[in-house]
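Please treat every number below as a calculation from the coordinates, not as lab data. Source: prediction; values computed, not measured. All Cβ positions, even for glycine, are placed from backbone atoms using ideal geometry, and neighbour counts span all protein chains on display.
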Amino acid sequence: MITYRQLAPSEANQLIALVRSSYGESYPYSLLYDSALLARKLEDQTLISSVAFNEDGQLIGHVGLCWHRLEDKTPDSMTAIVLEQYQRQGILAKLTRQMGQLIEGREIIGLHSYAVTTHTGSQKNGLQRGSFETGFLIPEFPATMAAKGIQSDCLGDKNPALTLYTPLTKPETRNCYVIASYRDAINEIYCRVGYSRIVLTSGHDKLPEISETIVDSDKRKGVERLEFKSIGKDWKTVSQHIREAAKASDHNAGYYIDIPVSQAAAIPLAQLLKSEQWCFGCILFERNNGDYLRMQYSKAKINRESLRLETAEAARLMHDVLDERKKTLKHPA
C-alpha cells in the first residue's frame with residue numbers, strides 16, 4: 001500500500017536517498033544533497049514536498065515546489081522523481097494532486113521550471129500543463145547529469161536548460177525597463193504568457209545609495225548568481241566581482257545576474273553587461289514584487305546539433321541566445 005503526505009524536515013535524508021537512487025551524484029542542485037539545508041527549507045516552508053512512501057516506509061516518489069523567498073509568488077517546480085520500479089502506476093498524478101492541497105491558501109501566480117535540452121521529456125511535460133518558453137540558460141546543468149532510464153547525450157561542456165513558465169493567474173500591469181535590443185523578444189514573451197506589461201527602453205530612477213543584493217552559488221551546477229533586490233548608485237562596484245570572475249573563468253563555469261526590470265536602472269546595468277559579453281538568459285516573473293531579467297555569461301562550448309527542442313519557439317530561443325553570444329565570445333556555439 002502506498003501512502004501520500006507532505007515530507008517532514010526530519011525526513012530530509014530520505015529525499016536525498018531517493019535522489020541518489022535515481023541520479024547518483026549527478027543531480028545538479030546541491031540542495032538535494034544537503035540534509036541540513038533541506039531540513040531548514042522544509043521547516044520554513046520555502047520547500048513544499050509532496051511525497052509517496054511504500055508499505056516498508058521507503059520514500060519512492062517526490063514532487064516539490066521551491067521558493068527563493070517565502071513572499072515570492074512564482075516558485076520553482078522541482079524535477080519529479082519516482083523510483084523506476086514504481087513508474088507508470090499513477091503515482092506522479094497523485095503526488096501532483098496532493099501538492100495542490102498542500103499549497104492551498106498560498107498566493108501563487110505561476111510556476112517556473114527548467115527543462116533539459118538533451119531530450120524532450122521534461123519539455124513535453126511542461127508544455128502539456130500549459131507552460132510557455134521564456135529563455136535558454138547555457139550553464140544551468142552540468143554535462144554529467146544523468147537519470148536512470150533516460151538517454152541524455154550531452155556533447156558539449158554544459159547541458160543547457162530551456163526555461164518554462166506556467167501562468168496560473170494574471171498579475172497587475174507593470175512597467176518593465178529593458179534595453180532596446182531585447183525589447184521585441186521580451187514583449188513577445190509577455191504576449192505569449194498573457195501578462196500585461198508596458199515595456200520601456202528609457203526612464204529615470206531616484207536610486208538609493210546602496211544596492212540590496214543576494215549572492216549565491218551552486219558547486220554542482222558550477223554557477224554563481226548575483227541578484228539585485230534593488231539597484232543602488234553603487235551597482236557598478238557591487239557587480240564588479242562577478243563580472244571580473246566571469247571574464248577570468250573557464251568553460252566549466254557559469255554566471256547569472258538577475259536584474260529587477262521594475263527599475264529604470266536595469267537599462268544601464270544590462271547595457272554594461274552586454275558590452276562585457278553577457279547575453280540574454282530568461283525572464284523570471286513576479287519575484288520580489290516584480291519581474292527579473294536574468295543575464296548570463298558562459299564560455300561553455302555547446303553542440304547545437306546535440307540539443308533536442310520540442311517546439312519551434314524553443315529552437316528560436318536557443319539560436320537567438322547562442323547567436324548573441326557568438327558575436328562577442330571567442331568560443332562560438
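Using a cut-off of 14 Å between alpha-carbon atoms, which aspartates and glutamates can reach residue 219, once sequence neighbours fewer than 8 places away in the same chain are excluded?
Output for residue 219: 25, 34, 140.
Placing +1 at every Lys and Arg Cβ and -1 at every Asp and Glu Cβ, with all other atoms neutral, what dipole size does region 1-108 have around its Cα centre, in debye to the nearest 20?
On the way: 10 positive and 13 negative charges, 47 e Å.
The dipole magnitude comes to about 220 debye.
Nearest 20 debye, what's the magnitude of the dipole of region 98-210 about its Cα centre given +1 on Lys and Arg Cβ and -1 on Asp and Glu Cβ? Let's see the in-between values first.
Details: 11 positive and 11 negative charges, 52 e Å.
Computed about the Cα centre, the dipole is about 240 debye.
What does the charge dipole of the chain about its Cα centre add up to, to the nearest 20 debye, if the Cβ of each Lys and Arg holds +1 and the Cβ of each Asp and Glu holds -1?
Charge dipole, the chain, about its Cα centre: 560 debye, nearest 20.
Picking from 138, 290, 171, whose Cα lies most toward the positive end of the charge dipole for region 110-333 (charges on Cβ: Lys, Arg +1; Asp, Glu -1)?
138
Taking the Cα atoms of region 38-188 alone, what are Rg (to one decimal) and Dmax (as a whole number) in Å?
That works out to 17.2, 58 Å for Rg and Dmax.
What whole-number distance in Å separates the alpha-carbon centres of region 272-324 and region 76-122?
24
Can you list, bin by bin at 10 Å, the percent of alpha carbon pairs in the chain, starting at 0?
5, 26, 35, 24, 8, 1, 0
Just want the ordering: 190, 33, from fewest to most Cβ atoms lying within 10 Å of their own Cβ. Show your work: numbers first, answer last.
Numbers: 190 19, 33 16.
In increasing order of surrounding Cβ atoms, one gets 33, 190.
Where the eigenvalues come from the Cα gyration tensor of region 1-108, what are the semi-axes √(5λ) of the equivalent ellipsoid, largest first, in whole Å? Working shown, then result.
On the way: eigenvalues 85, 57, 30 Å².
Semi-axis lengths for region 1-108 are 21, 17, 12 Å.
Let me know the Kirkwood hydrodynamic radius for region 231-333, please, with Cα pairs as the basis and the value in Å to one decimal.
About 14.7 Å, per the Kirkwood formula over Cα pairs.
Just tell me which lysines come within less than 24 Å, Cα to Cα, of residue 94; anything on the same chain fewer than 8 places away is out.
Here the lysines satisfying the reach criterion relative to residue 94 are 41, 73, 124, 148.
Would you list, by chain and number, the aspartates and glutamates whose Cα falls below 15 Å from the Cα of residue 326, excluding same-chain residues fewer than 8 positions away?
Straight-distance partners of residue 326: 276.
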